[in-house]
Amino acid sequence: MSQPVFRFAPSPNGRLHLGHAFSALLNQQMAQELEGKLLIRIEDTDLIRCTPVLEQRMLEDLEWLGIKWDETPIRQSDNIATYETIIDGLSDEGLVYPAFMSRSQIKAAIAREEENGVKWPTDPDGSPLYPHYDRKLSADERQSRIENGDAYALRLDMEKALQLNDAELYWIENCEGPNAEFGEITANPAAWGDIILSRKDAPASYHLACVTDDAMQGITHVVRGRDLFWSTSVHLLLQQLLGLPTPQYHHHDLILDENNNKLSKSNNDTSIAQLRATGATVTDIKKMIGLA
Ligand code: GLU
């Protein structure tokens, strides 16, 4: 059997918190147990929120925690040309369209549908699905709007993608989902609607960049927070469309605050930097997250 490869893939759009410490340390522990490698991937395709300074601090926090990586970290912003080529390929198959609706237009369109008695569907994170009226725009209309400078995102036409790929998709879950799902999990990408593949300020979406790099880095074990459990459905579909392998998945517990809310990068109290500054040791941190 080839050597297992794990990755920790944080986004430098804020300071790392206890939840990231848990995920990084768990990845390291599991990689050691299986005599595997641990890679670091910097997920910085959000060109506005991710900065080199935050990246530097993120790596310092990881080093302080005792995380050791086996290869030089890769940075997704260095791979934009690859993602663009991949999106072009999906586009050549007719699976991608420019979506022009702004946030307020989306809201208004859904409100109109609901006034007419339609119960508008939401995705597993609770956001309304994109009203995909502009799937139907003609090639000429698209071209002239783009030439006109109208802002757009590139979206996957989920209906066509599912027609092209009618095989049942499933992944192996080695930990559990939000409702204790375990083992063979059937993916349900349709629940996410027409996902974004790229937009102006993020030339590759998380989903697209993540599956591309998991494959390029030879990742065999994805260990990440349970909040991404249902995103795996989209990852399975993209892997299938792009002919990429599916790793094993382990969606771990989330570290919650005293009010049972997910930790946020904007709350300084639980940031590794703040805890360090107030004298916490790595052992203290491990105790706080149940890894001592
Ligand atoms: N970049 C994502 C985050 O910081 C993690 C994605 C993943 O592990 O697949 O939440």
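The values are calculated or read from the model by the stated rules, or taken from the named source; none is laboratory data. A quick note: this is a predicted structure, and the numbers were derived from the prediction, not measured. Neighbour counts run over all protein chains shown; Cβ positions are idealised from the backbone, glycine included. Note: areas computed on protein heavy atoms with side chains; ligands, DNA, RNA excluded. Shrake-Rupley method; radii C 1.70, N 1.55, O 1.52, S 1.80 Å.
Solvent-accessible surface of the chain, averaged per residue with a 1.4 angstrom probe and all protein chains in place: 51 square angstrom.
Taking θ as phi - 60° and the Karplus parameters 6.51, -1.76 and 1.60, the scalar couplings of segment 269-276 work out to 4, 9, 6, 4, 4, 5, 5, 4 Hz in sequence order, x denoting glycine and proline. Derived scalar couplings between HN and Hα for segment 181-188 equal 5, 8, x, 7, 10, 7, 6, 10 Hz in order, rounded to whole Hz, by the Karplus curve 6.51 cos²θ - 1.76 cosθ + 1.60 (θ = phi - 60°), x for Gly and Pro.
In order along segment 2-18, phi translates into HN-Hα couplings of 6, 5, x, 10, 9, 8, 10, 10, x, 9, x, 10, x, 7, 5, 10, 4 Hz, rounded to whole numbers, per the Karplus curve 6.51 cos²θ - 1.76 cosθ + 1.60 with θ = phi - 60° and x for Gly and Pro. Using the Kirkwood radius built from alpha carbon pairs, what does the Stokes-Einstein equation give as D for segment 87-207 at 20 °C and 1.002 mPa s, in µm² per second? So the translational diffusion coefficient is about 131 µm²/s.
Cross-link partners for Lys160 among the lysines, with Cα-Cα distance under 19 Å and sequence neighbours closer than 8 places in the same chain left out: Lys136. Using DSSP, restrict attention to beta bridges with both residues in segment 162-292 and report what percent are antiparallel, rounded to the nearest 5. Of the beta bridges lying entirely in segment 162-292, close to 50 percent run antiparallel. In the P(r) worked out for segment 131-195, what percent of Cα pairs fall beyond 16 Å? Looking at segment 131-195, the distances longer than 16 Å represent 62 percent of pairs.
Free of any GluC sites (Glu not before Pro) that DSSP assigns to a loop and that have at most 10 other C-beta atoms within 10 Å, the longest stretch within the chain is 36-167. Counting only DSSP beta bridges whose two residues both lie in the chain, roughly 50 percent are antiparallel. Considering only Ala202, Ala153, Phe22, and ranking their Cα positions along the charge dipole of the chain that arises from unit charges at the beta-carbon of Lys, Arg, Asp and Glu, the one farthest toward the positive end is Phe22.
Pair-distance distribution P(r) for segment 169-292, from all Cα-Cα distances in 5 Å bins starting at 0: 2, 9, 16, 18, 16, 14, 13, 8, 3, 0 percent. Taking a point 7 Å out from the Cα of Asn13 in the direction of its Cβ, none of the residues of segment 114-133 has a backbone N less than 11 Å from it.
Per 0.36 nm of contour for each residue apart, how much would the distance between Trp120 and Arg49 grow if the chain were fully extended, relative to their Cα-Cα spacing?
So the chain would gain 22.5 nm between Trp120 and Arg49.
Considering segment 77-126 at the alpha-carbon level, its Rg and Dmax are found to be 16.2, 47 Å.
Binning all Cα-Cα separations of segment 1-120 at 5 Å, short to long from zero, yields these whole-percent fractions: 2, 9, 14, 14, 12, 12, 11, 11, 8, 5, 2, 0. Here's the list of lysines a cross-link from Lys119 could span, going by alpha-carbon distance under 17 Å and ignoring same-chain residues fewer than 8 apart: Lys107. Here the accessible area is traced with a 1.4 Å probe on the protein chains. For the chain, carbon and sulfur cover 48 percent of it. Once backbone amide H atoms are built at 1.01 Å from N, Ser198 has Leu154, Ser205 as its partners under 5 Å, excluding neighbours fewer than 5 places away on the same chain. A Cβ-based charge dipole, computed about the Cα centre of the chain with Lys and Arg at +1 and Asp and Glu at -1, lands at about 640 debye.
The accessible area of Ile48, taken with all protein chains in place and a 1.4 Å probe, comes to roughly 120 Å².
Based on DSSP H segments of at least four residues, each scored -39500 (n - 2.57), the chain has a per-residue ellipticity at 222 nm of -11000 deg cm²/dmol.
Here each label is just a point 7 Å from Cα along the line to Cβ, and for Asp88 and Ala109 those points are 2.8 nm apart.
Pairwise inverse Cα distances across the chain, averaged and inverted, put the Kirkwood hydrodynamic radius at 20.6 Å.
Taking 0.36 nm per intervening residue step and subtracting the Cα-Cα distance, what contour gain separates Val282 from Ser144 on full extension?
Gain on stretching Val282 to Ser144: 44.0 nm.
Go through Lys200/Lys265; Lys68/Lys286; Lys37/Lys68; Lys262/Lys286 and tell me which ones have a Cα-Cα distance over 20 Å in this structure. Over 20 Å apart, Cα to Cα: Lys200/Lys265.
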